[in-house]
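Report on the following structure.
Values quoted throughout were computed directly from the atomic coordinates according to the rules given, and no laboratory measurement underlies them. Source: prediction; values computed, not measured. All Cβ positions, glycine included, derive from the backbone under ideal geometry; neighbour counts span all protein chains shown.
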Amino acid sequence: MNGEPETGRGYLEERGWRSWAYTMDHKRIGVMYLCTTIAFFFIGGIFALLLRLELLSPQAKYFSDHAYNVFFTLHGAMMIFLFIIPAIPSGLGNFFIPMHIGARDVAFPRLNLASYWIFVAGFLVVIASLVSPMDTGWTFYTPYSAKTGAAVATLSFGIFLIGMSSILTGLNFIVTIHMMRAPGMTWHRMPLFLWGMYATSIIQVIATPVVGVTFLLLAMERIFGVAFFDPSKGGDPVLFQHFFWFYSHPVVYVMILPAMGIISEVIPVFSRKPIFGYKAIAYSSLAIAFLGFLVWGHHMFTSGMSPLANAFFSFLTFFVAVPTAVKVFNWIATLYKGSITFEAPMLYALTFIFLFAVGGLTGPFLGALATDVQLHDTYFVVAHFHYTMMGGTVMGFFAGLHYWFPKMTGKMLNEKVARIAWALVFLGFNVTFFTMFITGFEGMPRRYAEYLPRYHVENVISSIGSAILAVGILVMFWNFLQGIRKGPPAPGNPWRALTLEWQTSSPPITENFPEIPVVTDWPYGYGEPKGRTA
Amino acid sequence: MEGACREKGSVMGKVFALGAASGQAAQVDAVFLMILVIGIFFFLLTQGLLIYFAVKYRRRSPDRDNETPRITENRVLEFFWILIPSIVVVVIFYYGWRVYTNLHEPEAGAVEVYVNGRQWLYEIKYPDGRTAINEIRVPAGKPVKFILSASDVIHGFYFPDFRGKMDMIPGRTTVLRLQPDRPGRYPIFCTVYCGTGHSNMMARLIVMPPAEYAEWAAHGEKEGGEGKEHEPLAVRGERIVKNAGCLNCHNIEGPVKVGPDWKGVYGRKVLLEGGKTVTADEDYLRESIVDPGAKIVKGFPNVMPTYKTTLPKDDIDAVVAYLKTLK
Ligand SMILES: [Cu+2]
């Protein structure tokens, strides 16, 4: 299987916009998703910087309060719906799921292309909503979202379309993983990235329709005055929160599970050790996906739910912690007695574990009823979810980008610049968000355009951190661009990894593999003279 | 608003001095500290190992990387690292829950304050009919019960110094209990995003020494409360009940008319059609008036009209306050 294939053309060779717009090649679709989502990562990031700029002073200084509210809504909505949810699954997932299982494409290539264009339609509608920009927060809580003059119906329609696209992608992946595995690729020989993606796809297919329907109800309320959520006409505003979190809680696992999959790939490769506890990692993904459906109420402990319901949700919430902790233990155990090197993918993978541990260990403060009542809706929550979402998912995404860059582009990156970027990102991230734990603990509520002077110092520190973080990210992407333009050509398998995508040329040929590989082993047999038979 | 929130020293400082603005806050802080200690322990354990392994097992010579041992599982280790976190989370859950239910236990003789949130201020009403905006006065050392509502969108009601928080939801009544120990002025923040003025929606809680409070309550016009409307809520409620024709169907005491009689209605266990039982709290009483069909008392016909459109929200509050006096 090793060695450069003689047949076929690199998937990037065909030129012209048609070759992209009409492509059914999962790799090209993956690349289009990556470019689109990264663009939104930058736009969302600019909004974040504007927020941090405004928060330099306790009083409104650069923008009006309304503008601030619009910015944090757009920051949240774009980062979540247009970046974090699609980036790893639809971008890296599209590219690497078929390659990991040794297939030529996904099960339904045409549907895959359709999902991408539905996604584009979705974000165009989202952009159209900027005529009267949203100021509800990404959570759309009623009755405010039913009353505000902003283009709520438009934005929610855009997200509805994006949701549709992710349902279709999820379905496509589930079928692909079931039906298209190369001969010999049993379930227990699948790379763990696939297990993460499989669990993710299930959540997307089950949970996304709920948010779709919720937004439809909200649109009906706004357009036709059907009062589902308006108490003055017999509706219930808290019902919206139940619907919303029934989707939005499971969806945090859509964000994190694929990233955990990437970490499970990168750690063994760079420590030259078999992954520790393969089955535990694989099945804990499914356990997390399942438990994730039972805990949505923990976003609503102060919404007047009965104390009994609160206790129930709190109890279940804690059990999500167990499979998550198991994964972390497994990764650390994989390092034990390894032969570790610290190229950029590994640096980001270790950073993931470190930051995600902070995010994970601050979860119990919010899961425990007594302390959640205090910390809910304060900056503590903002810090917590940035540690899990940005410190977790986004670091996992960066690990994946650096890891697969040679495969996707056929070029190597400048390692030194990548490390400088990493150092800036690590520093900036912690300065920005660790401070927020303190700000939140001291009682500053989130979504505040203006705040009491007693929180001034903390906010200034966070803003300085965000500037460092931004510089780090710019350096990283500048390095990517340089790599694409003039990086040295990459060999087929620069990291000497064992998963199938590395057993073909970089960049891969359009058909992925000259011939469909036959799998005889699991992909983690590092360090041993010859792989073991699973 | 600034003066309202005179610096009280950082909350952080208080935790480590273990002196919060109330006994309740200290209990919450204890849970916080417990989780913090457990969290730091696991953080140091896992990240310590991570860094230790990363340094110890870094690749020293490029040709040695085929000599790593084949370790793929260890049943005993894995059993314990599932078991121990499971126990730890149950313990954390338990303490979080115990303290939470303690704080929500109703206490007899609580001072009641009605607070209504609207964009972007808090309207305060005391049972004796005084009103105020964005300023709440309560005596130190006594339990206080805040009865919360909202007129437009959802708002939040949060005092960081007491670690307490509750949402204010249009169409519902929610309750937040507090026992402030130390006199002082404390900020109250809106925590549920409610539109343009969200970050300016603040009030102050003035905890007064009992003697001062008693004096203020006796002639409040001097300071604080706007106290124009001095008809006590319950008195106003009684007047409304007489005018609205409730008494055609309800007796306060004595023979049952069309509907249940009212003596002791507040707090009693009501058996409903369909077999469920509910406790008649503020929210139930309010609902019985605005949406009588939602819960039908067992043995009675569903004939009570809704007063949702005929009685403004204020009047319903007053009626509820009156019903509560019928012991
Ligand atoms: Cu508010």
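Going by C-beta contacts inside 10 Å, put A:Val226, A:Val211 in order with the fewest on the left. Could the numbers behind the result be given before it?
Working: A:Val226 14, A:Val211 23.
If I rank by nearby Cβ atoms, fewest first, I get A:Val226, A:Val211.
May I ask you to list the aspartates and glutamates whose Cα is less than 17 Å away from that of A:Lys279, ignoring any residue fewer than eight positions away on the same chain?
Straight-line reach from A:Lys279, under 17 Å: A:Glu265, A:Asp521, B:Glu73, B:Glu78.
For helix B:75-104, report the angle its Cα long axis makes with the longest principal axis of the Cα atoms of chain B; keep it between 0 and 90° and round to the nearest 10°.
20
Using Cα atoms only, what is the angle between the long axis of helix B:23-56 and the major principal axis of chain B, expressed in degrees (0 to 90) to the nearest 10?
Around 20 degrees separate the two axes.
Out of all DSSP beta bridges in the protein assembly as shown, what portion is antiparallel? Express it as a percent rounded to 5. Let's see the in-between values first.
Values: 34 of 48 bridges.
Antiparallel bridges: around 70 percent, rounded to the nearest 5.
Over the alpha-carbon set of chain A, work out the extent along each principal axis and list the three values in angstrom, largest first.
Principal axes ranked by extent give 69, 47, 46 Å for the Cα atoms.
Check which residues have an amide H placed less than 5 Å from B:Gly164's amide H, if you skip close sequence neighbours.
B:Phe159
Please report B:Ser151, B:Ser199 as a ranked list, fewest other C-beta atoms within 10 angstrom at the top and most at the bottom.
On the way: B:Ser151 16, B:Ser199 25.
With the fewest neighbours first, B:Ser151, B:Ser199 line up as B:Ser151, B:Ser199.
Around A:Lys411, which amide H atoms from residues at least 5 apart in sequence, or from another chain, sit under 5 Å from its own amide H, with H modelled in the peptide plane?
The list, which skips near neighbours in sequence, is A:Ala490.
Span-like helices, chain A: DSSP H, alpha-carbon axial extent 24 Å or more, mean Kyte-Doolittle 0.0 or greater, which ones? All intermediate terms of the calculation are to be shown ahead of the outcome.
Details: long enough: A:26-54 (42 Å, 1.27); A:109-128 (29 Å, 1.55); A:152-179 (40 Å, 1.70); A:192-224 (47 Å, 1.59); A:237-271 (51 Å, 1.27); A:307-335 (44 Å, 1.40); A:344-361 (25 Å, 1.96); A:415-441 (39 Å, 1.26); A:456-486 (45 Å, 1.02).
The answer, listed by residue number, is A:26-54, A:109-128, A:152-179, A:192-224, A:237-271, A:307-335, A:344-361, A:415-441, A:456-486.
What Kirkwood Rh does segment A:202-267 have if only Cα atoms enter the pairwise 1/r average? Answer in Å. Kindly include the intermediate steps, with their values, before the conclusion.
Details: mean 1/r = 0.0742 Å⁻¹.
That comes to 13.5 Å for segment A:202-267.
Counting other beta carbons within 10 Å of each Cβ, put A:Phe405, A:Phe228 in order, fewest first. Please report the intermediate quantities before stating the final value.
Details: A:Phe405 24, A:Phe228 20.
Least crowded to most crowded, the residues run A:Phe228, A:Phe405.
With label points built 7 Å along Cα→Cβ from the Cα atoms of B:Lys276 and A:Leu130, find their separation and express it in nm.
Between B:Lys276 and A:Leu130, the simple spin-label model gives 4.7 nm.
With a cut-off of 8 Å between alpha carbons and a minimum separation of six or more residues, what is the relative contact order of segment A:294-429 in percent?
Contact order relative to length: 28 percent.
Taking only DSSP H segments of four or more residues, each worth -39500 (n - 2.57), what value at 222 nm results for chain B once the sum is divided by all its residues, to the nearest 500 deg cm²/dmol? Don't skip to the end; give the middle numbers.
Working: 7 runs with 113 residues, N = 327.
Roughly -11500 deg cm²/dmol at 222 nm, from the helical runs in chain B.
To make sure I understand the rule: partners must be lysines, Cα under 26 Å from the Cα of B:Lys295, and not fewer than 8 residues away in the same chain. Which ones qualify?
The qualifying lysines are A:Lys233, B:Lys145, B:Lys242, B:Lys257, B:Lys263, B:Lys269, B:Lys276, B:Lys308, B:Lys313, B:Lys324, B:Lys327.
For segment A:70-192, compute Rh as the Kirkwood radius over C-alpha pairs and then the Stokes-Einstein diffusion coefficient at 10 °C and 1.306 mPa s; write the answer in µm²/s, rounded to an integer.
Details: Rh = 15.8 Å.
The diffusion coefficient I find is 100 µm²/s.
Could you give me the radius of gyration and the Dmax of segment B:111-219, taking only the C-alpha atoms into account and expressing both in angstrom?
In Å, with Rg to one decimal and Dmax whole: 13.1, 40.
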